[in-house]
Amino acid sequence: MTEAVVKTVQCISPGGLHTMAYKEWGDPRNPDVLVCVHGVTRVSDDFDRMARELCDTYRVVCPDVVGRGRSGRLRNPQYYTVPQYVSDMVTLLARLDAEIVDWFGTSMGGLIGMGLASLPDNPIRRLVLNDIGPSINGSALARIGEYIGQDVRFDSFGEAAQYIRTISASFGTHSEEEWHKLASDVLRQNDEGKWVRHYDLSLAVPFKLTTPEAATVAEQMLWAAYDAIRCPTLLVRGANSDLLLPEVAQAMTQRGPKARLVELPDVGHAPTFMHANQIEIAKQFLLG
């Protein structure tokens, strides 16, 4: 199957029930499952190119993390956090009836994968972390936290697309067609005809509530999670990334699963894996 089917699964948070949408590529009976999870302001559609390349081998499943894209919104935004996302993924895996999965996580999607892979009896066989680690550069996190909550609205798609291109410049070089896709995947028209971003602006709430002390505790917990991972792990870093610093990436090759590190030149945070050379890196690690 060269096109995806969009499905949904019902998940639960302390605030109630919510729907998580996901795209499924390939044979739905294939026991070889690859789960691909996007970054904090992105969507499942980011993986369309990679999913097409891999869906002959894998059943490729790409969720819209709650609060984004086609998925529902949380009634209480304080639960827009990694533990809630991990819980939702466990529900998704139960729906898929998948006992073992490979995991590709970009940025936030990598943190979710780390959280899941650190748990006893977890189902992850191989883990790809795309430009993310347990220590996140504070200034980069502040930059992301600042634009997440901005209620920007545009009169035309062209203006909105230019905005997405500007805030996504660190993705590296892409064709006009690729930039159009990267923008159109995360933009929609509201009831007033304005072009807006696809996600719940309340995603910014946990960022704003984080104190320096809480951030330190969170980092310690993420390192503890990383050290508990036992599966083969590939770490991909954009050579110009301001989020995953070189010294953190190096530490990740020495601790926990001792990740294999690949650095991509002329890319910051985060590589999009829309290009053949990047997809090949994932393929070689996942399929050997």
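The values are calculated or read from the model by the stated rules, or taken from the named source; none is laboratory data. Since the model is a prediction, treat every value here as computed from it, not as a measurement. Glycine gets a Cβ as well: all are built from the backbone with ideal geometry, and neighbour counts include every protein chain shown. Protein only, heavy atoms only, side chains kept; ligands, DNA and RNA dropped before computing areas. Shrake-Rupley method; radii C 1.70, N 1.55, O 1.52, S 1.80 Å.
So, in the stretch 15-27, how many residues would count as being modelled with pLDDT of 95 or more and either open to solvent by 10 Å² or more (accessible area, probe 1.4 Å) or touching a Leu at 6+ places or on another chain (Cβ under 7 Å) (or both)?
Within the stretch 15-27, residues that are modelled with pLDDT of 95 or more and either open to solvent by 10 Å² or more (accessible area, probe 1.4 Å) or touching a Leu at 6+ places or on another chain (Cβ under 7 Å) (or both) number 8.
Using the structure shown, decide if LEU243 is in a helix (DSSP H, G or I) and touching a Leu at 6+ places or on another chain (Cβ under 9 Å).
Taking the combined requirement at face value, the residue does not satisfy it.
So in the stretch 149-166, with the set limited to residues that are closer than 22 Å to THR272 by Cβ and of a type in the set (Gly, Ala, Ser), which one is least open to solvent (accessible area, probe 1.4 Å)?
ALA160
Would you mention how many residues in the stretch 120-142 are touching an Asp or Glu at 6+ places or on another chain (Cβ under 8 Å) and open to solvent by 50 Å² or more (accessible area, probe 1.4 Å)?
3
What are the residue pairs meeting all of these: first residue in the stretch 263-281, first residue surrounded by 23 or more Cβ atoms within 10 Å (Cβ to Cβ), second residue of a type in the set (D, E, K, R), Cβ atoms under 6 Å, and 6 or more apart or on different chains?
HIS269/ASP131; ALA270/ASP131
Looking only at residues in the stretch 148-170 that are among the charged types (D, E, K, R) and part of a helix (DSSP H, G or I), which one is nearest to the chain's Cα centre (by Cα)?
So, considering only residues that are among the charged types (D, E, K, R) and part of a helix (DSSP H, G or I), the one nearest to the chain's Cα centre (by Cα) is ARG165.
In the list TYR199, TYR226, which residue meets the criterion of being in a helix (DSSP H, G or I) and either modelled with pLDDT of 95 or more or basic (Lys, Arg) (or both)?
TYR226
I'd like the full set of residues that are more than 19 Å from the chain's Cα centre (by Cα), farther than 24 Å from GLY138 by Cα and small (Gly, Ala, Ser), limited to the stretch 235-288.
Result: ALA276, GLY288.
Give the stretch 174-190 a look and list any residue that's within 15 Å of ARG49 (Cβ to Cβ) and of a type in the set (S, T, N, Q), or say none.
Residues satisfying the conditions are SER175, SER184.
What residue, among those in the stretch 234-288 that are out of contact with any strand residue (DSSP E or B) (no Cβ under 9 Å at 6 or more places or on another chain) and basic (Lys, Arg), is farthest from ASP48 (Cα to Cα)?
In this case the residue turns out to be ARG255.
If you go through the stretch 74-119 one residue at a time, how many are touching a Phe, Trp or Tyr at 6+ places or on another chain (Cβ under 8 Å), more than 22 Å from CYS55 (Cα to Cα) and open to solvent by less than 10 Å² (accessible area, probe 1.4 Å)?
4
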